[in-house]
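S.K.: The following block contains the structure, expressed as structure tokens.
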Amino acid sequence: MRKALRWLLALTVLIGTLSTAGAATAAEPKATGTTDIKERLLSVPGMSLVEEKPYTGYRFFVLNYTQPVDHRRPSKGTFQQRITVLHKDTARPTVFYTGGYSVSTTPRRAEPTQIVDGNQVSMEYRFFTPSRPEPADWSKLDIWQAASDQHRIFKALKKIYSENWISTGGSKGGMTATYYERFYPRDMDGVVAYVAPNDVVNKEDSAYDRFFRTVGTKECRDRLNAVQREALVRRAPLEKKYEAYAAENGYTFDTIGSLDRAYEAVVLDYVWGFWQYSTLADCEQIPADAKNATDDEIWTSIDTISGFSFYTDQGLSPYTPYYYQAGTQLGAPTIHFPHIERKYVRYGYQPPRNFVPRSIDMEFEPWAMRDVDSWVRHHANHMLFVYGENDPWGAEPFRVGKGARDSYVFTAPGMNHGANVAGLAAEEKALATARILDWADVAPSTVRENPAAAKPLAKFDAGLDKRDVERERTLRP
């Protein structure tokens, strides 16, 4: 969700056809064992092939799917949404994945896909390139429209993948899976949402300040705070270095407004970024004596964690859809810096509005997250939320209340924004795995009798199961 934050597909086949889609295709072939899966996928109205990539034991397809720009008025234009399908067997369950940003066109398995040994459909979030309408009507970028994208994809592909479905995603993807469940609770058989922030009241962010007062160890906190402060104390010489860096790479600062604003934004991301993507052991790489460190040592530490390229126009541009949503519905955290004298902090955490071109109108809807939070507390069913103990985004988590059924919130000890089921304490890991298998309707009899025996059905694959902690940039986390 920003470097510190550098922070799933079938569509309901509309009755008839989208009047402007121009995507007439052949009728779907009968579901027989002799029909090639590619032919079946391409028989879905509005589905087209970008490419197929080989992977042992699977078929992997990169596809485009014709979606309405506005699901409330489907005749008012369409766009091509990028999805991928990792096909194993139509007799296996399917995991619907989204990261909430762009979709990877490299074969990968989300953790639930490995657990259930199933197929995986992955969706690119609307308005991320190339899944952006042209021209872009930004008012159609909201959580309901995105959930409706998923609903249509599911309805179309459920005819091919008829077994149970589980939705999943991490960070903004975990939020996306949750919003999808809120608006279309009858689609999925289970939801696994990883490290999903839940900023219910945008103006009340004290939970984050409490998190930073106790995370990790005092020694590590002190090291990070000292480097962050020193980078602002040495603003003048380090901004000269930044100017040269920007000139060398052709970077500009029109969106955020100035190099000075960008510099402070990068520096203020530093501590958050460390805890989001690093571990306590990584503190050894942080300068131990910031006051006596060289300018290059301070620069390198800040750049390695926060990234001086991010708040340039070129760095922000791919994340415009995220910042638009943060400033209209999702909210964005604000934290304070008690270890830095006020004279060194000119702007503080800047709002999402500062990271979106001024040509795009934005208006915040404070009821959007309150609605989702209330729904999860009272109506969650077959939902699992996984957080990392040392991940700042977990300071404001989703919670399940008395109205929830067969739903859980677990925290992985010592883990960051890459927290997963495998990182949970033994009893919670077994329970979470058993529930996922049961929701997918593939739990072996031994697991039904003894949940403690639960483990992934598919063997680990170094290529498919690479656990990249996606460097998302959300507004401050």
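S.K.: Please compute the per residue accessible area over the stretch 69-199 with all protein chains in place, 1.4 Å probe, rounded to a whole number of Å².
M.R.: Heavy-atom accessible area per residue stands at 28 Å².
S.K.: Rounded to the nearest 20 debye, what is the charge dipole size of the chain about its Cα centre when +1 sits on each Lys and Arg Cβ and -1 on each Asp and Glu Cβ?
M.R.: 760 debye
S.K.: How many nm is it between the label spots at Lys402 and Asp36, if each spot is 7 Å from the Cα in line with the beta carbon?
M.R.: Here the modelled spin labels are 5.8 nm apart.
S.K.: May I pose another question? Along the positive direction of the dipole of the stretch 227-283 (beta-carbon charges: Lys, Arg +1; Asp, Glu -1; about the Cα centre), which of Gly250, Val271, Val227 reaches farthest?
M.R.: Val227
S.K.: Report, by chain and number, residues whose modeled amide H sits under 5 Å from the one on Glu365, excluding near sequence neighbours (fewer than 5 apart, same chain).
M.R.: Correct list: Gln329.
S.K.: For each pair in Lys88/Lys402; Lys159/Lys459; Lys203/Lys241; Lys291/Lys466; Lys218/Lys402; Lys203/Lys240, compute the distance between the two Cα atoms and list the pairs where it is over 32 Å.
M.R.: Lys88/Lys402; Lys203/Lys241; Lys291/Lys466; Lys218/Lys402; Lys203/Lys240
S.K.: Same structure, new question: If you count the DSSP beta bridges with both ends in the chain, what percent of them are antiparallel, to the nearest 5?
M.R.: Of the beta bridges lying entirely in the chain, close to 50 percent run antiparallel.
S.K.: Carbon and sulfur: what percent of the chain's accessible surface (1.4 Å probe)?
M.R.: Heavy-atom surface of the chain belonging to carbon and sulfur, 1.4 Å probe: 49 percent.
S.K.: In nm, to one decimal, how far is the modelled label at Thr446 from the one at Asp461, with both set 7 Å along Cα→Cβ?
M.R.: Result: 2.3 nm between the two label points.
S.K.: Under a point spin-label approximation (7 Å from Cα along Cα-to-Cβ), what is the Ile360-Arg377 distance to one decimal in nm?
M.R.: Each label point is offset 7 Å from its Cα along the Cβ direction, giving 3.1 nm.
S.K.: At 1.4 Å probe size, with every protein chain present, just tell me what the per residue accessible area of the stretch 326-477 comes to in Å².
M.R.: Heavy-atom SASA per residue in the stretch 326-477 reads 48 Å².
S.K.: Find the centroid of the Cα atoms in the stretch 286-362 and in the stretch 35-87, then give the distance between the two in whole Å.
M.R.: 36 Å
S.K.: Follow-up. What are the residues whose amide H is under 5 Å from the amide H of Asp117, where those residues sit 5 or more places off or on another chain and H is modelled from the backbone?
M.R.: Leu457, Ala458
S.K.: As an exercise, use a Förster radius of 56 Å and the Cβ-Cβ distance of Glu243 and Ser139 to find the FRET efficiency, rounded to the nearest 0.05.
M.R.: After rounding to 0.05, the efficiency reads 0.90.
S.K.: Among rounded, prolate and oblate, which fits the stretch 252-298 when a ≥ b ≥ c are the square roots of the eigenvalues of its C-alpha gyration tensor, a/c under 1.5 means rounded, and a/b larger than b/c means prolate?
M.R.: Oblate, since a/c reaches 1.5 and b/c is not below a/b.
S.K.: With runs of 4+ DSSP H residues as the only contributors, calculate the mean residue ellipticity of the chain at 222 nm using -39,500 (n - 2.57) per run, divided by the residue total and rounded to the nearest 500.
M.R.: Only helices count here, giving -9500 deg cm²/dmol.
S.K.: Among Gly394, Gln150, Thr294, flag the residue with its Cα farthest along the positive direction of the charge dipole of the chain, charges on Cβ as +1 for Lys/Arg and -1 for Asp/Glu.
M.R.: Of the options given, the answer is Gln150.
The values are calculated or read from the model by the stated rules, or taken from the named source; none is laboratory data. Since the model is a prediction, treat every value here as computed from it, not as a measurement. FYI the Cβ positions are ideal-geometry reconstructions off the backbone, even for glycines, and counts take in every protein chain you see. Surface accessibility is based on the protein's heavy atoms, side chains included, excluding ligands, DNA and RNA. Shrake-Rupley method; radii C 1.70, N 1.55, O 1.52, S 1.80 Å.
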